[in-house]
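Written below as structure tokens is the structure these notes are about.
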């Protein structure tokens, strides 16, 4: 029961994170592109602030639930007399997941902060540059997230 709950929490957190990136990148960004820079940058700052709060929780829940599930499986294998070897797909998922969290932390605590300072100072060109960097890193994270899903769901093995 605990494993199923952890896995559900893990998957729901990933849905929030990846789904939010898809929405922001493919739907919100193009819709606000026609707005004047002050309006667009203030709106994106506000929306991203709310989204990044949710992603921070989702990323930490994803990491914690993933580590906990790995630990439970390893413990069960060892207690039954076996030797635990993490499957390649789990290793790929874990490595890319940690990379995604690191990228998100850079986005949230460096780039988003830069965007906030530019918006507060009405420096629209600096804000646009910060937003462009956020978009680039979100695109990279979205690509990594999709790769994790493909590797996990396709169950590729070496």
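Nothing in this text is a laboratory measurement; each read-out follows from the coordinates by a stated rule. As the structure is a computational prediction, the values presented were derived from the model and not from experiment. Neighbour counts run over all protein chains shown; Cβ positions are idealised from the backbone, glycine included.
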> If one takes the longest principal axis of the Cα atoms in the chain, at what angle in degrees, from 0 to 90 and to the nearest 10, does the Cα axis of helix 88-106 lie?
Replying inline: 30
>> Can you give me the distance in nm between label points at residue 102 and residue 152, each placed 7 Å from the Cα along the Cα-to-Cβ direction?
In response: 2.0
> Cα centroids of segment 93-158 and segment 19-62: how far apart, whole angstrom?
Replying inline: 11
> Does anyone have the angle between helix 2-23 and the longest principal axis of the chain? Alpha-carbon axes, 0 to 90°, nearest 10?
Replying inline: 30
> To the nearest 0.05, what FRET efficiency results for residue 54 and residue 136 with a Förster distance of 22 Å applied to their C-beta separation?
Replying inline: 0.60
> Debye sum, Cα scatterers, the chain, no solvent: what log₁₀ I/I(0) at q = 0.09, 0.13 1/Å?
Replying inline: -0.36, -0.66
>> From Cα pairs below 8 angstrom and at least 6 apart in sequence, can you work out the relative contact order of segment 2-154, rounded to a whole percent?
In response: 33
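Work out the FRET efficiency for residue 90 and residue 122 from their Cβ-Cβ distance, taking R0 = 41 Å, and round it to the nearest 0.05.
Using R0 = 41 Å, I get an efficiency of 0.30.
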>> Test of understanding: what is the full-extension gain from residue 80 to residue 43, defined as 0.36 nm times their sequence separation minus their Cα-Cα distance?
In response: 7.8 nm
> Helix 124-154: angle to the longest alpha-carbon principal axis of the chain, degrees 0 to 90, nearest 10?
Replying inline: 20
